[in-house]
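Data first, discussion second: the structure below is written as structure tokens.
The values are calculated or read from the model by the stated rules, or taken from the named source; none is laboratory data. Since we're looking at a predicted model, the values are computed, not measured. Glycine also receives a Cβ, built like all others from the backbone with ideal geometry; neighbour counts cover every protein chain displayed. Just so you know, the surface numbers come from the protein's heavy atoms only, side chains and all, with ligands and any DNA or RNA stripped out. Shrake-Rupley method; radii C 1.70, N 1.55, O 1.52, S 1.80 Å.
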Protein chains: 2
Amino acid sequence: MAAVRRPLADSQAVHDQVYAAIRRALITGRIAPGKGVSLRSLAGELGVSPMPVRDAVRRLVAERALAINPANKRLSVPSLTADRLEQLALARLWVEPELAARAAASADVGLIRQLQAVDADLDEALRLGDVDRYMTANHAFHFTLYERAGAEVLLAMAGGLWLQIGPFMRVVFGRVGANDLAADHHAQAIAALKAKDAEGARRAIAADLSEGMDKMRAAVEGVS
Amino acid sequence: MAAVRRPLADSQAVHDQVYAAIRRALITGRIAPGKGVSLRSLAGELGVSPMPVRDAVRRLVAERALAINPANKRLSVPSLTADRLEQLALARLWVEPELAARAAASADVGLIRQLQAVDADLDEALRLGDVDRYMTANHAFHFTLYERAGAEVLLAMAGGLWLQIGPFMRVVFGRVGANDLAADHHAQAIAALKAKDAEGARRAIAADLSEGMDKMRAAVEGVS
DNA sequence: AAGATCAAATTGCGATCACAATGCAAGGCC
DNA sequence: GGCCTTGCATTGTGATCGCAATTTGATCTT
């Protein structure tokens, strides 16, 4: 009943803050897949009334970041099947490289410096083994890039897909250790941006995604 | 306060019925783009309390079928810009042919007969100039096909995209008259399904979409 | 008569309450 | 001792109320 005191950002509506909080938790994988949640429990944790939580959850369910048992009507983080992963991988491999290519066209020094900073933070998180920080930085890297594309609709699609995959990335990276990951592709992407090479950026991001999705695929198949 | 008495379909939750109602209204274009709506007005029309309407609207906003003015916090049907249309067209041209191709693999006589029936209905709607019925039938044709793909994630993406474009299809078809439309491509798609020709189905749906999106593009540019 | 100002209505947001359904666990029955 | 039943806690859903912000319309002023 006390955690909400801090006015996150610029005094958004409460349900937006709650949405952002749950979204962050999902993207960084702090909520385990298959885990059941409830409106009142979330409300309690966040120190708000169940009402704005209900609104936030509605949004997340619509984005398929949360699932609702049609019989129970109880909600949980959806479990990832191999089939679902396959579709998400396919979709991501289409949208995200497209966004990267578009962003490359309007990349400038400011963006590049920003990405380099995020990438450095990412590397340090890797070195320290801080999975939370790594997940956050990785997300930040991709989406500060994608935002530059100026493609609202595609960006929203990418955000939704990432949201659905987030919880599982955490599981996988917790398993494989997240050591030898993706730094090369990020560097390649930055290099392509410097050269305003749209196709290069597309390839780099595609490679980055492919590698990550391959690992997730292996992990998912390994479990089931 | 009386219209909700009838238990639509199989006793879903009220907010689901409201969601379905608004969604149908949007897909068939019965709500004009740019038109402002309010929770209480919708609640009044549907004969329910504002509460389930709020839930339904939340979902629709998350799916970008409704927009919410960040200053006003008032909601309306989003206007379609040329840029937005371009992105939606691109996305649809990726997802929907993919779904068609996948559906072709598991098509059977039942599906084909179903599609033929819907297509016949569509033709009659065209002949009668019944735009509402045409919009409904066209949607039904595509999505009874897509559902057969058994690709939940991609299907949801396609549904979301269609929802965003729906209101404008109505405007465009009201303008051009919807006379010489798409029947060829539907027939081609059905033929491809009979032959279990996945790539043929993909091409047919892609052509169908391209034609429709071209007309919308022309209409949008013509207006602005 | 035209424009500015103020009051009333409308809007979205959040809280609280009530209710039916479900899940859970302790206790009783065979 | 194991299984079933019964009671309680928790769940999502919907209604109603209050609040602050905004829009709207009528009145007043110039």
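For this structure, a couple of remarks:
- Sole exception among (1) free of Cβ contacts under 8 Å to residues at least 24 places away in the same chain; (2) within 19 Å of the chain's Cα centre (by Cα) for A:V77, by number: (1)
- Here A:P70 passes the criteria (1) out of contact with any Ser or Thr (no Cβ under 9 Å at 6 or more places or on another chain); (2) away from DNA strand D (no atom under 11 Å from the Cβ); (3) closer than 22 Å to B:A156 by Cβ except the one numbered (2).
- Test: residue in segment A:82-98 that is within 16 Å of DNA strand C (Cβ to nearest atom), at pLDDT 90 or above and within 14 Å of chain B (Cβ to nearest Cβ): no
- Residue count for segment A:14-48, restricted to those that are away from chain B (no Cβ under 14 Å), closer than 22 Å to A:I165 by Cα and within 15 Å of DNA strand C (Cβ to nearest atom): 8
- Segment A:49-79: number of residues that are within 14 Å of DNA strand C (Cβ to nearest atom), open to solvent by less than 30 Å² (accessible area, probe 1.4 Å) and modelled with pLDDT under 95: 1
- Residue identified as at pLDDT 95 or above and open to solvent by less than 30 Å² (accessible area, probe 1.4 Å) among A:A125, A:A178, A:A103: A:A103
- Every residue from segment A:16-48 that is closer than 21 Å to A:M157 by Cβ and either open to solvent by 30 Å² or more (accessible area, probe 1.4 Å) or modelled with pLDDT of 90 or more (or both): A:D16, A:Y19, A:A20, A:I22, A:R23, A:R24
- Check on B:V118, within 15 Å of DNA strand C (Cβ to nearest atom) and not acidic (D, E): no
- Any hit, segment B:148-161, residues being away from every other protein chain (no Cβ under 14 Å) and over 19 Å from B:E211 (Cβ atoms): yes
- Options B:L99, B:L80, B:L111, B:L115: the member that is closer than 25 Å to B:V171 by Cα and of a type outside the set (D, E, K, R): B:L80
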